[in-house]
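The block underneath contains the structure these notes are about, expressed in structure tokens.
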Amino acid sequence: MSVVLPSSASGAAPAPGKAPTAALNAAAASFAALTARLDYLAAEDVELVRRAYRFADEAHLGQLRNSGEPYITHPIAVAAQCAEWKLDAQALMAALLHDAIEDCGVTKPELVERFGSAVAELVDGLTKLDKLQFDTREENQAESFRKMLLAMARDVRVILIKLADRTHNMRTLSDAPRAKWGRIARETLDIYAPIAYRLGLNQTYRELQELSFRHLKPWRHAILTKAVAKARSRRRDLIQKVQRDVETAFAAAGLQVRIAGREKTLYSIYRKMDDKHLSFAQVTDIYGFRLVVPSTIACYTGLGVLHQLYKPHPGKFKDHIAIPKINGYQSLHTTLVGPSGVNVEFQLRTEAMHVVAESGVAAHWLYKAAGDADQGERLSAKWLQSLVDIQDETRDAREFWEHVKVDLFPDAVYVFTPRSEILALPRGATVVDFAYAIHTSVGHHASAARINGEQVPLRTELKNGDVVEVITAPVSTPNPAWLGFVRTGRARSKIRNYLKTLAQAESERLGEKLLSQALRAEGVRKLPGIEADYQAIWDKLLRFTGNRNREDLMTDIGLGKRVASIVAKRLMTLLAERGEKPDALLMSRERFTAHENVSQGAVTLDGSENSSVRFALCCRPVPGDPIVGYLGHGEGLVVHTDACGVGQRLRHKDAERFFAVEWADEPVRSFETGILVTVRNDKGVLARVASTLARAEADITHVEMPDESQQDSTDLRFVIAVRDAAHVESVLRAARRTPSVLSARRIVPAP
């Protein structure tokens with residue numbers, strides 16, 4: 001998988017200060033460096049790639065890289081990596097041309113004319129990615145990240161070429177000024193390596209991690225390199241013995257096998273030492289073997305052969321064939337206690353699994369003949385599609401980043417549906433995450449759940465092997481509290497989108513009520529309809545307010561972004577121009593009773609308004625209290641009691657934002673209010689008071705009890721849920737009759 005150029009046979013970055021010779025420069029800059037890799041393409045496709053090379057070579061003529069090499073060596077190296085993945089001719093042409101627009105002044109129309117629209121679109125997508133700067137400012141990083149992922153979702157070849165580009169840049173980072181190492185390496189480790197992993201490009205993922213580690217922490221990298229080299233030389237005989245033993249055992253069992261040594265990367269050793277506070281000597285699973293066998297059955301047979309050869313380490317077996325990793329990776333993993341008590345890890349897989357394991361989503365091009373290779377492609381395509389879905393519901397870049405970043409670092413847990421289908425979710429995922437992974441409607445209407453046949457709360461975290469059954473009900477809807485525990489970006493975005501849509505619909509209804517009320521004060525009994533007769537009036541009003549349509553205007557009024565009385569005055573003017581006159585009697589009656597509950601235009605509240613109406617925490621109004629409504633800036637309608645000092649100060653400062661509101665005859669829920677109970681510091685007094693409140697049918701939602709044990713009395717502050725003001729009074733009377741209670745009253749803000 002490494003990009004092998006004549007100037008660097010190992011694929012490693014050239015050492016600083018060692019400029020290649022002119023002959024090597026010329027060889028690396030020639031098309032011959034790439035031709036040998038294009039044997040999988042048809043002759044006409046090779047000729048198209050050659051044309052792109054000639055164009056790029058001419059465009060970059062005279063440009064040099066930091067190493068002193070001609071700049072064209074970089075596009076050739078990127079194209080060579082893409083050829084390793086067997087990408088099509090269009091992708092290779094885009095790889096050769098990917099810097100042409102940015103660095104050479106070539107235009108997109110010129111590329112369309114010369115190479116076709118598909119190649120031009122790929123180059124344009126890559127150019128936009130190159131402009132992205134992942135700096136430390138979170139908003140910029142989030143926006144850049146969003147653009148990159150969406151470009152990737154539209155055509156995965158864009159990100160494959162970008163990863164090849166980043167890999168070659170990391171291999172040659174030692175030639176760049178040292179001041180740039182930290183930023184570029186950190187960006188690679190935080191952004192590009194996780195994307196490579198998520199797409200199943202494991203070799204690229206490991207290499208990007210390794211190169212980032214080398215440039216982020218060069219001293220630690222050098223120390224670990226020496227330590228691993230010493231350990232390798234000490235254990236060379238042991239490793240050779242294990243390999244001979246395995247080959248002999250497989251031959252005796254009649255199994256074909258291809259064995260390759262596999263060594264832990266320096267970065268993974270460093271992470272294990274750092275995370276678990278281990279010394280190098282304590283990291284025992286540095287060495288391993290990868291066994292490639294002809295079939296899936298041979299994987300399991302080979303596992304039996306290995307377990308007969310050496311003792312397995314308890315708890316160190318993983319079956320990623322039956323349950324693939326979240327990025328499509330499949331293999332059997334087992335750790336055995338080898339000679340001299342040294343732990344050795346083995347991975348068993350088929351050739352098709354090996355291609356998917358190393359190349360992930362690129363296996364679509366690399367191994368089209370193998371049906372098994374479709375697994376990684378399907379999972380990656382599903383994730384890419386989910387990015388588009390989240391984008392459709394989330395326009396805010398930071399919110400988008402919050403949704404998807406957890407999916408880039410999936411420490412997966414595997415669970416089963418009742419039909420025994422396997423689902424991979426991030427560790428810490430809950431029943432609600434599972435429900436949304438099944439289908440949006442299952443998530444929206446989830447009401448209860450069973451795990452392994454037992455009833456559990458929806459917030460229950462899932463464990464490997466759980467069989468999860470979600471029970472739905474048509475009346476169930478997403479709860480804002482779910483956002484506090486869901487783990488997947490899909491579930492979070494679906495819940496937020498539902499709540500936003502719900503809030504918008506409620507705000508629209510509230511806005512219509514408020515505008516109707518304000519219009520009555522102008523002498524108009526009802527809002528003009530949406531008939532053709534009134535369309536011109538609505539068009540003029542929308543131009544005045546700057547809204548796109550009638551629904552947006554009503555929503556803005558309901559959210560407090562537009563003042564209903566101002567909109568009503570403008571609407572009345574437009575109606576008057578049309579010849580409609582206000583009703584003088586209605587106008588006088590409405591204006592003189594504007595803040596009285598008898599007002600016919602008042603907004604009626606029954607507790608079902610949800611997010612469009614809030615009941616002020618300063619006075620906590622309940623049905624039966626005289627109330628007024630304040631339309632805050634962008635926060636919907638806030639309801640205060642008429643006597644609330646906070647409300648009175650707001651009315652004095654911003655009177656036009658107050659509206660008449662009244663209680664419905666039969667509110668549909670209970671309401672919270674605060675009470676203050678002063679008690680003697682007797683033993684068990686809190687329990688007695690709580691019991692009294694419960695008997696009075698008041699639900700306690702919050703209680704505060706200061707530490708005043710040295711004093712004779714103390715104040716207990718309760719927030720209780722009650723039906724109405726009469727219910728509050730009966731609760732207070734019951735509290736006053738309780739032994740040790742000195743007084744009980746409702747908490748009201750100071751005027």
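The values are calculated or read from the model by the stated rules, or taken from the named source; none is laboratory data. The structure displayed is predicted, hence computed values, not measured ones. When we count neighbours, we look across all protein chains shown, and the Cβ atoms used for this are built from the backbone with ideal geometry, even at glycine.
Let's see how each residue does on (1) part of a loop (DSSP other than H, G, I, E, B); (2) in the same structural domain as Ala429 (by TED's automatic domain parsing); (3) among the charged types (D, E, K, R):
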| residue | (1), (2), (3) |
| --- | --- |
| Arg492 | no, no, yes |
| Arg520 | no, no, yes |
| Gly523 | yes, no, no |
| Tyr534 | no, no, no |
| Ile537 | no, no, no |
Taking the condition at pLDDT 85 or above, within 22 Å of Ala94 (Cβ to Cβ) and assigned by TED's automatic domain parsing to the domain that holds Glu102, does Lys162 pass?
yes
Looking only at residues that are in contact with a Ser or Thr (Cβ under 7 Å, 6 or more places away or on another chain) and in a loop (DSSP other than H, G, I, E, B) in region 706-739, which one is nearest to Glu672 (Cα to Cα)?
Arg723
Conditions first: (1) farther than 30 Å from Gly511 by Cβ; (2) surrounded by fewer than 18 Cβ atoms within 10 Å (Cβ to Cβ). Val741 passes all but one, so which condition is the exception?
(2)
Output for region 71-105, where each listed residue is closer than 13 Å to Asp45 by Cβ, in contact with a Lys or Arg (Cβ under 7 Å, 6 or more places away or on another chain) and either among the aromatic types (Phe, Trp, Tyr) or in a loop (DSSP other than H, G, I, E, B) (or both)
Leu87
So, of the residues in region 444-469 that are free of Cβ contacts under 8 Å to residues at least 40 places away in the same chain and among the small types (Gly, Ala, Ser), which turns out to be surrounded by the fewest Cβ atoms within 10 Å (Cβ to Cβ)?
Gly453
Pairs, please: C-beta under 7 Å, at least 6 apart or cross-chain, first residue farther than 18 Å from Ser268 by Cβ and in region 177-202, second of a type in the set (Ser, Thr, Tyr) and buried (at least 20 other Cβ atoms within 10 Å of the Cβ)?
Leu199/Ser380
Would a scan of region 662-676 turn up a residue that is touching a Gly at 6+ places or on another chain (Cβ under 6 Å), crowded, with 19+ Cβ neighbours inside 10 Å and within 22 Å of Leu515 (Cα to Cα)?
no
On the basis of being free of Cβ contacts under 8 Å to residues at least 24 places away in the same chain, over 30 Å from Leu559 (Cβ atoms) and either not assigned by TED's automatic domain parsing to the domain that holds Leu559 or not basic (Lys, Arg) (or both), does Ala473 make the cut?
no
Considering only residues that are free of Cβ contacts under 8 Å to residues at least 60 places away in the same chain, surrounded by fewer than 23 Cβ atoms within 10 Å (Cβ to Cβ) and in contact with a helix residue (DSSP H, G or I) (Cβ under 8 Å, 6 or more places away or on another chain), which ones fall in region 496-516?
Tyr498, Gln504, Glu508, Glu512, Leu515
Have a look at Ile537, Ile530 and point out the one that is within 19 Å of Arg578 (Cβ to Cβ), loosely packed, with under 12 Cβ neighbours inside 10 Å and of a type in the set (A, V, I, L, M).
Ile530
Spot the failing condition for Cys299; the list is (1) within 16 Å of Thr350 (Cα to Cα); (2) surrounded by fewer than 20 Cβ atoms within 10 Å (Cβ to Cβ), and only one is missed.
(2)
If a residue has to be at positive phi and surrounded by fewer than 16 Cβ atoms within 10 Å (Cβ to Cβ) to count, how many in region 302-338 make the cut?
1
In region 210-245, how many residues are among the β-branched types (Val, Ile, Thr) and touching a Leu at 6+ places or on another chain (Cβ under 7 Å)?
2
Complete set of residues in region 657-692 that are assigned to a loop (DSSP other than H, G, I, E, B) and in contact with a strand residue (DSSP E or B) (Cβ under 7 Å, 6 or more places away or on another chain):
Ala664, Ser670, Asn681
Residues (in contact (Cβ under 8 Å) with a residue 40 or more places away in the chain and assigned to a strand (DSSP E or B)) located in region 257-281:
Arg262
Among the residues of region 50-96, count how many are closer than 20 Å to Ala36 by Cβ and not hydroxyl-bearing (Ser, Thr, Tyr).
30
